[in-house]
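The values are calculated or read from the model by the stated rules, or taken from the named source; none is laboratory data. This structure is a prediction, so every number in the text was calculated from the model and none was measured. Just the protein is used for accessible areas: all its heavy atoms, side chains included, with ligands, DNA and RNA removed. Shrake-Rupley method; radii C 1.70, N 1.55, O 1.52, S 1.80 Å.
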Amino acid sequence: MQMKYLFLLVVIIGLISCAENKQPSQSSKIKNIDIDNDAKYKAGRGLYITNCATCHNLRYELAGPALQHVEERWKDKALLYAFIKNSQAVIAKDAYAKDLYNRYNKVEMTQFAWLKDEEIDQLLHYISVASNKKD
Ligand code: HEC
C-alpha cells in the first residue's frame, strides 16, 4: 500500500517538474528585447511607418495582408526579400506569391528595389518583435 503512494508521489513530482521546464512560448521573447534601446527595431519601425503602413497593419488587413508573423509564411527567405523589392518578379515564378496576389484582388504592391538587404532585415526584425508584443 505504501509503495503505491510513493509511486504516485514520484509521478506527481515528475509531472510538476516537466510543467516548469516548458518555455512560455513567444511572449518571453519580447521580454528579452528592450525596445527602447534596440536600434534595429527603431530603424525597422521608421522604415515601416514611412513605406508600408499605408497598405499594411500587423494585425488586420488593409489593401495588403496583416504582416504579423509573415516570415513564418515564407519558407524561402531569399524569395521574401525578393518579393519586398519587386513583388511582380516573384509572383511570376512562385505559386504562393501568385495565390496571394490573386487573393488581394491583384493589387500591386509598390516596388522597393532601393531597399538594401540590411534595411529589409530591420523591417522584418521590427515586424517580428512587434508581432509578439501584447497590446
Ligand atoms: C500599395 C500598397 C502596398 C505597400 C505600400 C506595401 N505593400 Fe506589401 N503587399 C501589398 C499587397 C496588396 C500584398 C498582397 C500581394 C499582392 O497583391 O501583390 C502585399 C504583400 C506583402 C507581403 C507578403 C505577405 C504575406 O502574407 O505573405 C509582404 C512581406 C509585404 N507585402 C511587405 C511589405 C513591406 C515590408 C512594405 C514596405 C516596405 C510593403 N509591403 C508595402 C500592398 C502593399
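Per the 1.4 Å probe, what fraction of the accessible area of the range 34-131, in percent, lies on carbon and sulfur atoms?
52 percent
On the full set of protein chains, 1.4 Å probe, figure out the accessible area of K42 and give it in Å² to the nearest 10.
110 Å²
Taking only protein heavy atoms and a 1.4 Å probe, what accessible area per residue, in Å², does the range 34-131 have with all protein chains in place? Could the numbers behind the result be given before it?
Values: 5740 Å² over 98 residues.
Per-residue accessible area for the range 34-131 comes out at 59 Å².
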